[in-house]
Amino acid sequence: MNADALFTPFRHKTLSLANRIVMAPMTRSHSPGGVPTADVASYYRRRAAADVGLIVSEGTGVNRPASLNDPNVPRFHGEAELAGWQQVIDEVHEVGGVMAPQLWHVGNVRTRHESWTPPGPYDSPSGLSRPGKSFGQPMADHEVADAIAAFAQAAADAKRLGFEAVELHGAHGYLIDQFFWEGTNERADPYGGPSLVDRSQFAAAILRAVRHAVGPDYPVIIRLSQWKQQDYAVRMANSPDEMAAWLGALADAGADILHCSQRRFWEPEFEEDGSDLNFAGWAKKLTGLPTITVGSVGLSGEFIASFGGEGSEPAALDELMRRFDRGDFDLVGVGRALLQDPHWATKVRDGRSTELQPFRREALATLS
Ligand SMILES: Cc1cc2nc3c(=O)[nH]c(=O)nc-3n(C[C@H](O)[C@H](O)[C@H](O)COP(=O)(O)O)c2cc1C
């Protein structure tokens, strides 16, 4: 295993990373009442101290009544909540780490809690939780404007607290992605329409508002996925041309880095095209922007199955390195391997492959 190339610096705008390893955003639900605790700060500190180049936080809610569907997921607004995040970033900085909060609105993905509901109605583009399934009301114009402003305010707060970048959660079937998806966006206003670029105008408005709030040099990452939790097979862009138009609109609106979420990073994006480039590979080729790949790096099985209890064994990094060395992407997102083991990056850097751990479901229960 030679992963030396991952341990080279990365710079973009004001972002300066010691290496290419990004801790992927992972909801941990260990922030009672929405406030990150001292244990949450220590959890991130341990990873920052062990050679993770950039930590992207678990999704954290922007200031809309129903931006979150779980009372134990941290918010990114409110005095106690932001004080909790201040402690997180201060501890990460104490050990030389770099971090971005992942700013999140879950849209109308319903809570799994039986005895809890969000303190306001669910937001969604058209009152559809998946194609053909009504749930809640379409957002009124003033609610759309308020959601855009909420992302911008959160980004401004992230910068003020000292985070080095922000990530917008535009993936996996949550609010921003519900706007991208024709199956959940039937709006007849400027945020809807027949083309993917039409339906990208909500994300673009958020990006412009965020850019305005943080200034031209502050790095803004957006996370995107073709797949949805509502439908793993669905795709937003069905051809390189469609993808170029989609990502181009986001780049024009102010996105700096594209975080391209796949469940398995080795899967080609447009197989019929004869190319083996993955999503991050195409995104970089089509936009020229830096990209982050993610999905089963260092593990044998993908993450959705792991929620059902399936374990994953350590896997070689050769295929990842082949693509990285070819220049397909700039940064590598690592989820469960880093959830399981805070020292994963150090072990990879030092070639301690026999010490890499399998991922076990039990790791989800604690903040070790
Ligand atoms: C426990 C858990 C929580 C997650 N929460 C989020 C989240 O809050 N935001 C997000 O964009 N992705 C989330 N994901 C997806 C991960 O960021 C990542 O894309 C996925 O786990 C694939 O990477 P891996 O195979 O290295 O684990 C989560 C994954 C796990 C395992």
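The values are calculated or read from the model by the stated rules, or taken from the named source; none is laboratory data. Every value quoted in this text rests on a predicted model; they were computed, and no experiment measured them. Neighbour counts run over all protein chains shown; Cβ positions are idealised from the backbone, glycine included. The accessibility values were calculated without ligands, DNA or RNA, using every heavy atom of the protein model including side chains. Shrake-Rupley method; radii C 1.70, N 1.55, O 1.52, S 1.80 Å.
Structural remarks
- Listed by first and then second residue, the pairs with beta-carbon distance under 7 Å, at least 6 apart or on different chains, first residue in segment 237-261 and at positive phi, second assigned to a helix (DSSP H, G or I) and open to solvent by 30 Å² or more (accessible area, probe 1.4 Å), are GLY254/ARG208; GLY254/ARG211.
For (1) among the polar types (S, T, N, Q); (2) under 20 Å from the mean Cα position of the chain (by Cα), each residue gets a yes or a no:
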residue: VAL109; (1), (2): no, yes
residue: THR117; (1), (2): yes, no
residue: PRO125; (1), (2): no, no
residue: LEU128; (1), (2): no, no
residue: SER134; (1), (2): yes, no
residue: HIS142; (1), (2): no, no
residue: ALA156; (1), (2): no, yes
residue: GLU164; (1), (2): no, yes
residue: GLU167; (1), (2): no, yes
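- Cβ separations smaller than 7 Å between residues 6+ apart or across chains give the following pairs from segment 76-96 residues that are farther than 16 Å from ASP39 by Cα and among the aromatic types (Phe, Trp, Tyr) to residues that are outside any helix (DSSP H, G or I) and open to solvent by less than 30 Å² (accessible area, probe 1.4 Å): PHE76/THR60; PHE76/GLY61; PHE76/VAL62; PHE76/PRO101; PHE76/LEU103.
- From ALA283, ALA315, residue being of a type in the set (Gly, Ala, Ser), touching a strand residue (DSSP E or B) at 6+ places or on another chain (Cβ under 6 Å) and open to solvent by 10 Å² or more (accessible area, probe 1.4 Å): ALA315
- Selection count, segment 280-301, where residues are more than 14 Å from the chain's Cα centre (by Cα), among the hydrophobic types (A, V, I, L, M, F, W, C) and closer than 16 Å to GLN226 by Cβ: 3
- Some residue of segment 150-158 being open to solvent by 10 Å² or more (accessible area, probe 1.4 Å) and free of Cβ contacts under 8 Å to residues at least 24 places away in the same chain: no
- Of all residues making up segment 59-69, the number that are within 16 Å of the ligand (Cβ to nearest atom) and either surrounded by 22 or more Cβ atoms within 10 Å (Cβ to Cβ) or of a type in the set (Lys, Arg) (or both): 6
- Any chance THR14 is crowded, with 16+ Cβ neighbours inside 10 Å, at pLDDT 95 or above, of a type in the set (S, T, N, Q) and closer than 18 Å to PHE163 by Cα: no
- Pick from segment 87-105, criterion touching a Lys or Arg at 6+ places or on another chain (Cβ under 9 Å) and not β-branched (Val, Ile, Thr), ranking: nearest to the ligand (Cβ to nearest atom): GLN102
- Hey, PHE151 touching a strand residue (DSSP E or B) at 6+ places or on another chain (Cβ under 9 Å) and closer than 28 Å to LEU82 by Cβ or not: yes
- Segment 94-135: number of residues that are within 30 Å of PRO9 (Cα to Cα) and loosely packed, with under 14 Cβ neighbours inside 10 Å: 3
- Residue check, ARG28 within 22 Å of HIS259 (Cα to Cα) and of a type in the set (D, E, K, R): yes
- Qualifying position, being open to solvent by 40 Å² or more (accessible area, probe 1.4 Å) and within 16 Å of the ligand (Cβ to nearest atom), among ASN72, ASN2: ASN72
- Scanning segment 25-32 turns up no residue that is within 24 Å of SER368 (Cβ to Cβ), open to solvent by less than 10 Å² (accessible area, probe 1.4 Å) and not small (Gly, Ala, Ser).
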